[in-house]
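The values are calculated or read from the model by the stated rules, or taken from the named source; none is laboratory data. The shown structure was predicted, so the numbers you read here are calculated from the model rather than taken from an experiment. Heads up, the Cβs are rebuilt from the backbone with ideal geometry, glycines too, and the neighbour counts pull from every protein chain shown.
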Amino acid sequence: MSDTTTQNDNPVQESSVLGSQVSDNQSEDWRSSLSDEIKNDATLSNIKDLDSAAKTLIHQQKMLGSRIPMPKTDEERSELYNKLGRPEESSGYKLEIPQTHQGYFKENNLNEFRNVAHNIGLNQDQVNALINYQMKTIDADVASEPSKLAVSKAETENALKQEWGMEYDKNMRSAKRALDVYGDDEIKELMNGEAGNHPAVVRLFSRLGAEVTEEMAKNTQNNTLSVSPLDAKAEIDNIYANANHAYHKPYDKDHKNAVEHMRQLHEKVFGNK
């Protein structure tokens, strides 16, 4: 009786040990049908059974399916760009330039930008980012323009002071007189900007102003006639030399206007006396 009890003692435990041995054998056996080159590969060392191998394969296939293959030809590259959002044609890009910045973007430059963007495969979001970056760069340049002009003005003044020495103030007055006499509104606007800070330009106006007196400059500022005193003097001489000019014919219908014009020419040259 005791012998029978001993033989059947803890049958569940014996079954569990046997089951474990069978499972270990199965873990080893699932690779037995593989070639020696494959079954001994370290990649398979953590895969316990065929079910785990199948799950791993399925997962890897899904991962590969979500990846974009690298294009090898121009056609494949173009197809990839289109899938990533590039428009079919370069004209498909929508470039929205605010009114405040339209003066900085010429249409021919924008068209060239569209062509380049299309060639390198940019999508609309990427193009928008580049345009926004360019506008921020423009804003930064505009904001720093006054300080740049101030620095440029100081550099020009220092250079000319070293060059002219004690003659600096006199030469600058000459340059201002020349600008008053010969400069129209457009030239004066340019001279208020970067052009007016270029030493060569200041030297040129200084040389021109050496022939302009203070009185001539004063008359130029007060007289509405849009000619310099030197040009006015030349026109006076031409009128005097032309006997057929209306100025010399009291009964000519244009005589009165010619007299007024001659008066303004004289005022331009000799002042209001």
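Among the residues of segment 179-202, just one is of a type in the set (D, E, K, R) and part of a loop (DSSP other than H, G, I, E, B), namely 184. Taking segment 139-156 only, how many residues are closer than 24 Å to residue 105 by Cα and of a type in the set (A, V, I, L, M, F, W, C)? Qualifying residue count for the region: 4. Among residues of segment 81-115 being in contact with a helix residue (DSSP H, G or I) (Cβ under 6 Å, 6 or more places away or on another chain) and assigned to a loop (DSSP other than H, G, I, E, B), the one that is nearest to residue 139 (Cα to Cα) is 95.
In segment 129-140, which residues are closer than 15 Å to residue 102 by Cα and not acidic (Asp, Glu)? Listed by number, the residues that qualify are 131, 132, 133, 134, 135, 136, 137, 138. Would a scan of segment 175-185 turn up a residue that is surrounded by 18 or more Cβ atoms within 10 Å (Cβ to Cβ), hydroxyl-bearing (Ser, Thr, Tyr) and at pLDDT 80 or above? No, there is no match, as no residue in segment 175-185 is surrounded by 18 or more Cβ atoms within 10 Å (Cβ to Cβ), hydroxyl-bearing (Ser, Thr, Tyr) and at pLDDT 80 or above. Do we have residue 211 as in a loop (DSSP other than H, G, I, E, B), at pLDDT below 85, exposed (fewer than 15 other Cβ atoms within 10 Å of the Cβ) and not assigned by TED's automatic domain parsing to the domain that holds residue 96 here? Here the answer is yes, as residue 211 does meet what is asked.
Among the residues of this structure, residue 78 does not count as one that is part of a helix (DSSP H, G or I), among the polar types (S, T, N, Q) and closer than 30 Å to residue 172 by Cα.
The number of residues in segment 241-260 that are among the hydrophobic types (A, V, I, L, M, F, W, C) and either loosely packed, with under 12 Cβ neighbours inside 10 Å or in a loop (DSSP other than H, G, I, E, B) (or both) comes to 2. On inspection, residue 49 does not qualify as out of contact with any His (no Cβ under 9 Å at 6 or more places or on another chain), surrounded by 11 or more Cβ atoms within 10 Å (Cβ to Cβ), at pLDDT below 65 and not assigned by TED's automatic domain parsing to the domain that holds residue 120.
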